[in-house]
Amino acid sequence: MGEALSPRPARPRWLAAPADDLVLRALFGAMLAATAAVLYVDYHDFSAAQEARARAAPASEPSPTADKGAKMTFDLTGGGRLMATGAIAPGTAQAFAAEIEKRGGYVKTVVLHSPGGSVQDAMAMGRLIRAKNLATEIESGHICVSSCPLVFAGGVARKAGAKAELGVHQVAAAGPHEMTQSEAMEDAQRVSAQVQNYLREMGIDLGLWVRAMATPNKRLYDLTPAEMLEFKLATEVDGGDKVAKPRGKTRS
């Protein structure tokens with residue numbers, strides 16, 4: 001007998017399909033490719049729009065003077081103006097209280113120029129300012145950012161210069177470096193609740209805190225003069241704008 005012929009290899013199933021099926025499959029593949037391309041373009045456009053909106057938001061990188069600086073110092077000048085200049089470090093509230101105690105009744109206005117710092121110290125300073133019935137001020141061209149606005153909020157009258165910078169952002173956990181992510185989040189939420197209670201106590205519109213919480217800790221939301229008044233953070237902005245004094249004692 002002759003040698004048996006090897007069976008012919010079977011054609012792939014897709015080659016065995018009718019010509020119409022091949023055409024339909026090719027069209028379907030092309031449609032999938034086109035859909036993927038459209039989705040990519042849409043996503044790219046969406047991302048670009050999101051970045052553009054972020055760039056347009058009134059948030060800025062902290063200025064060099066608002067990063068880290070020397071610990072706050074105090075200097076009493078004419079007219080009962082206590083100049084408070086520098087960072088608010090842990091313990092600054094105690095130093096401020098000692099300064100107020102030493103100066104007796106000479107201090108009438110606390111003039112701030114600070115990149116902020118310790119939230120707890122800032123609130124303690126603000127409460128002492130309110131208890132002592134003092135005013136607060138930020139001179140034109142000076143800054144009061146991060147936790148500093150909490151000190152500013154303590155004034156029974158609060159004046160911002162025409163070019164004063166008032167900036168806010170999210171609070172950050174101040175615990176030790178070995179804190180877990182959940183512990184850091186819990187700490188930040190606790191501090192956030194304390195700050196909200198403090199602002200309410202000082203008669204400040206909590207819309208200010210909404211702006212702060214929407215701004216990453218590494219950036220600043222710079223308040224416009226209109227927002228300073230709208231949120232009742234300032235009672236007066238150079239240029240003649242004023243709002244009613246906050247709840248609490250009035251100056252004699």
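Structural remarks
- Take the Cβ atoms of ALA98 and SER140, set R0 to 30 Å, and the FRET efficiency comes out at 0.55.
- For VAL145, the residues whose modelled amide H falls within less than 5 Å of its own, excluding neighbours fewer than 5 places apart on the same chain, are SER114, GLY116, GLY167.
- Distances between placed amide hydrogens fall under 5 Å for LYS71 paired with ALA87, all partners being 5 or more residues away or on another chain.
- Taking amide H as placed 1.01 Å from N in the peptide plane, GLN170 has its amide H under 5 Å from the amide H of THR215, ASN217, each at least 5 places away in sequence or on another chain.
- Point-to-point label distance, GLN170-ASN197, nm (Cα→Cβ direction, 7 Å offset): 2.3 nm
- For the stretch 120-190, relative contact order (Cα pairs under 8 Å, six or more residues apart, normalised by length) works out to 30 percent.
Throughout, read-outs are computed from the coordinates displayed, never taken from laboratory work. The shown structure was predicted, so the numbers you read here are calculated from the model rather than taken from an experiment. Positions of Cβ are generated from backbone atoms using ideal geometry, with glycine treated the same way; all protein chains shown enter the neighbour counts.
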